[in-house]
Ligand code: ARG
């Protein structure tokens, strides 16, 4: 029945499963996944490495069949058990390598069958939805993704940009597979910095709250700096600030009003960035959890997990960490740890999430590891049911390899960075128009440039393992060749241009063909076969990316697919060839899979450039 499973990996695996099970029937129930995608596609599509561990197990049990004395012979015995007339694996392609690796290719007919049935039936119509592997559909989850999470009254910085970009992709990937995703913006809207901000606002804008006019406090960053200056230079100011924190937390009306005002101003700024980048988030900041904190501390106390330090701070020690989590400070206040433990419980209980994902820079790795361990100690986590993860990303550096700064040494403002990418993209598109290479007209430049510019910034970040640091380079991210969004978007536009020429010059409408099922895709050229193989691996890639939620897996797949597309359109004539209809269908399938990947990465695609 894996014939209709979009996962080719599952289909190949079941062939090998049957072959191995026939070889060791008594072990059939212990077998896990036996096959993986080959690391080198030129040697084979899939590989099975089971012969080595199987040989070792049989040898240890003294159960090796007569005549089988090496892993290679185990591999050969497995191969001998694969039925010659199976529908999936190409028997001529099988070869046993090295110490006992079995490499194989998928039958051309199977690839054709898949494209013509599973794939084309699911992409029929205006809103194609690519098929998902059965293994994925079986377990839809409720997932909380905590991302972006900037701090009120402070500018969003490059670190928040990484969290935002990665988080959006993670959410889209999860949503695509049917998960119920809660996209949480855990904004820093609570904490001691509000004392000084409130004090400063009262001092600098005494009419606030007393007249009906709304005061304009100007840029928040400048406001924050001035408040900080007063805080550092004036002891009375500092004292008043500390009192104001207490007043705010106790619900004092005036303090709350000012706090609300600061949050509102920040929110407007954050929203501007989210809107530009197509980011969807639901704000549920630190302040939301504040009233729920005492009950959590009580629970830890009841469970005898609190250690009271000298001075009165309430701490929780967890395995593998020398410093504790602090649930309550010695002055009675709550901090980052208190809030996160309360949020964690809320997400597991009230939101009924089975998977919690936090996306911040790597320096917070220990913090989250401690939170997860404390939650475990409190008995909140069921290992079979829950999964708690922190995706910690590296730093963004300037082209000199140092901390990312402007020429004058200021931290780079996110909005300026995005503006610059779009501006450069506009210049390059105008150049194309002047050289008469472009299909678009001048008035379309702003829209296309922002899709490509934002896409380039996002892809440059997403395409690598999040744990790595990287150097921010416009030249590199806007390169039309290489692993960039620009290259990918051009490859996609090229497909669309072939498809529209097919309609305009040859009167072939691929959508009609699919609807009428009048033509089938055939894969006789190696470049066609290679492209089809990549298209099929989409489902396997989705299954893989669900494990660790690293969006670079989507990027790697998309880049490899684009290379297969380029190879195909270079080597196989589409328009006017005898295979024109089949090849146009192949173009369309490729464009759809590419668009799905862009969608997962929150990159806007363009059809014409
Ligand atoms: N506001 C924090 C920061 O800017 C990130 C919050 C991450 N989420 C959390 N639940 N702690 O560093």
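What follows is calculated from the coordinates using simple rules that are stated; it is not laboratory data. Being a predicted model, the structure only gives us computed values, none of them experimental. FYI the Cβ positions are ideal-geometry reconstructions off the backbone, even for glycines, and counts take in every protein chain you see.
Taking the range 376-420 as the region of interest, what is the percent of Cα-Cα pairs per 5 angstrom bin, listed from the shortest bin to the one with the maximum distance?
Taking every Cα pair in the range 376-420, the percentages come to 5, 14, 17, 14, 8, 6, 6, 8, 15, 6, 1.
If you find the alpha carbon centre of the range 64-100 and of the range 175-212, how far apart are they in angstrom?
64 Å
How big is the range 414-600 in terms of Cα radius of gyration and Dmax, in angstroms?
Rg, Dmax (Cα atoms, Å): 17.7, 52.
If I take the Cα coordinates of the range 309-404 and project them onto the principal axes, what are the three extents in Å, biggest first?
The principal-axis extents, from largest down, are 46, 39, 24 Å.
What is the angle, in °, between the Cα long axis of helix 253-276 and the longest principal axis of the Cα atoms in the chain? Nearest 10 is fine, range 0 to 90.
Once rounded, the angle reads 30 degrees.
Which value in deg cm²/dmol, rounded to the nearest 500, describes the helix-derived mean residue ellipticity at 222 nm for the chain, given -39,500 (n - 2.57) per DSSP H run of n ≥ 4 and division by the residue count?
Computed mean residue ellipticity for the chain: -16500 deg cm²/dmol.
For the pair residue 274 and residue 575, how long in nm is the line joining their label points, each one 7 Å along Cα→Cβ?
Spacing of the two 7 Å Cα→Cβ label points: 4.4 nm.
How fast does the range 191-321 diffuse by Stokes-Einstein, in µm²/s, taking the Kirkwood radius from C-alpha pairs at 20 °C and 1.002 mPa s?
Answer from the Stokes-Einstein relation: 122 µm²/s.
Taking only C-alpha pairs under 8 Å that are 6+ residues apart, what is the relative contact order of the chain in percent?
Relative contact order comes out at 14 percent.
I'd like the antiparallel share, as a percent to the nearest 5, of DSSP beta bridges with both residues in the chain. Provide the component values of the computation, followed by the final result.
On the way: 18 of 39 bridges.
Of all bridge pairs located within the chain, approximately 45 percent are antiparallel.
Residues of the range 191-206 with the amide nitrogen closer than 18 Å to a label point 7 Å from the Cα of residue 246, along Cα-to-Cβ, please.
In the range 191-206, the label zone of residue 246 (backbone N under 18 Å from the point 7 Å along Cα→Cβ) covers 191-200.
Over the C-alpha atoms of the range 143-228, what are the Rg and the largest Cα-to-Cα span, Dmax, in Å?
Considering the range 143-228 through its Cα atoms, Rg and Dmax are 17.6, 53 Å.
Sorted by mean Cβ packing within 10 Å, highest first, what order do the peptides 381-389, 466-474 take?
On the way: 381-389: 13.2, 466-474: 15.4.
The most tightly packed comes first, giving 466-474, 381-389.
If you average 1/r across every pair of different Cα atoms in the range 357-434 and take the reciprocal, what Kirkwood value do you get, in Å?
Final number for the Kirkwood radius of the range 357-434 is 16.5 Å.
To the nearest 10 degrees, how steeply does helix 193-204 sit against the main Cα axis of the chain, on a 0 to 90 scale?
Roughly 50 degrees between the two axes.
As I understand it, the value is the acute angle between the Cα axis of helix 580-600 and the longest principal axis of the Cα atoms of the chain; what does it come to in degrees, rounded to 10?
Result, in degrees: 20.
Rounded to two decimals, what is the ratio between the C-alpha radius of gyration of the range 511-609 and 2.2 N^0.38 Å?
It is 1.14.
Give, in whole angstrom and from largest to smallest, the semi-axes √(5λ) of the equivalent ellipsoid of the range 142-393, with λ running over the eigenvalues of the Cα gyration tensor.
Computed over the range 142-393, the values are 32, 25, 15 Å.
May I ask for the percentage of alpha-carbon pairs in the range 6-63 that lie more than 14 Å from each other?
The share of Cα pairs beyond 14 Å in the range 6-63 comes to 59 percent.
Binning at 10 Å from 0, report for the range 247-361 what percent of all alpha-carbon pair distances ends up in each bin.
Pair shares across the bins are 11, 33, 34, 18, 4.
Need one word for the range 497-557: rounded, prolate or oblate. Basis is the Cα gyration tensor (sqrt eigenvalues a ≥ b ≥ c); a/c below 1.5 gives rounded, then a/b vs b/c decides. Mind dumping the intermediate values first?
Numbers: a/c = 2.48, a/b = 2.19, b/c = 1.14.
Judged from the Cα gyration tensor, the range 497-557 comes out prolate (a/c at least 1.5, a/b above b/c).
Which peptide among 339-345, 206-212 comes first, and what is the full order, when sorted by highest mean count of other Cβ atoms within 10 Å?
339-345, 206-212
So what does log10 I(q)/I(0) come out to for the chain at q = 0.07 Å⁻¹, using the Debye formula with one equal point on every Cα and no solvent?
Those come out to -0.57, one per q.
Across bins of 10 angstrom width beginning at 0, how are the C-alpha pair distances of the range 1-138 distributed, in whole percent?
11, 39, 30, 14, 4, 1
Using alpha carbon centroids, what distance separates the range 343-391 and the range 253-286, in Å?
Cα centres, the range 343-391 to the range 253-286: 25 Å.
Over its Cα atoms, what ratio of radius of gyration to 2.2 N^0.38 Å does the range 26-93 give?
Relative to the rule-of-thumb radius for its length, the range 26-93 sits at 1.21.
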